[in-house]
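The block underneath contains the structure these notes are about, expressed in structure tokens.
Taken together, the values in this text are just the output of simple stated rules run on the coordinates, not laboratory data. Quantities reported herein were computed from a predicted structural model and do not represent experimental measurements. Neighbour counts run over all protein chains shown; Cβ positions are idealised from the backbone, glycine included.
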Amino acid sequence: MMVVRRFKESIGGRVYYIEASMVRDDRWRAQIARLPGMPTSLMPFYGPTPDEAARLLFDWLTRAHRATSGTA
């Protein structure tokens, strides 16, 4: 049985749906959820908990948004 935790985050006015799935007991993989017509992240982010893996992806998305919007 695959264990998946889902998160909903807003960055720069855009909503992102993140899924963290268990790879093994102490390792989780987070990626943007696959929704029809929406792109997904090309690289997953790993962490020891679903919250940590999702936070790493959220932090990266936040930095990417800042870089493209010109804010520091």
Inset, instruction - Starting from region 1-16, keep only residues that are within 13 Å of Asp51 (Cβ to Cβ), then list their pairs with residues that are not aliphatic (A, V, I, L, M) whose Cβ atoms are within a distance under 7 Å, requiring at least 6 positions of separation or different chains. - result: Arg5/Pro50; Arg6/Tyr17; Arg6/Glu19; Glu9/Tyr16; Glu9/Phe58
Inset, instruction - Could you list, in sequence order, all residues of region 21-37 that are within 14 Å of the chain's Cα centre (by Cα) and either within 26 Å of Ser69 (Cβ to Cβ) or in a helix (DSSP H, G or I) (or both)? - result: Ala30, Gln31, Ile32, Ala33, Arg34, Leu35
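When region 1-16 is examined, which residues are found to be under 16 Å from Ala64 (Cα atoms) and part of a strand (DSSP E or B)? Steps first, please.
Initial filter on region 1-16 (under 16 Å from Ala64 (Cα atoms)): 9-16.
Within region 1-16, Glu9, Ser10, Ile11, Arg14, Val15, Tyr16 qualify.
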Inset, instruction - Output the number of residues of region 6-20 satisfying the condition of being under 11 Å from the mean Cα position of the chain (by Cα) and not hydrophobic (A, V, I, L, M, F, W, C). - result: 6
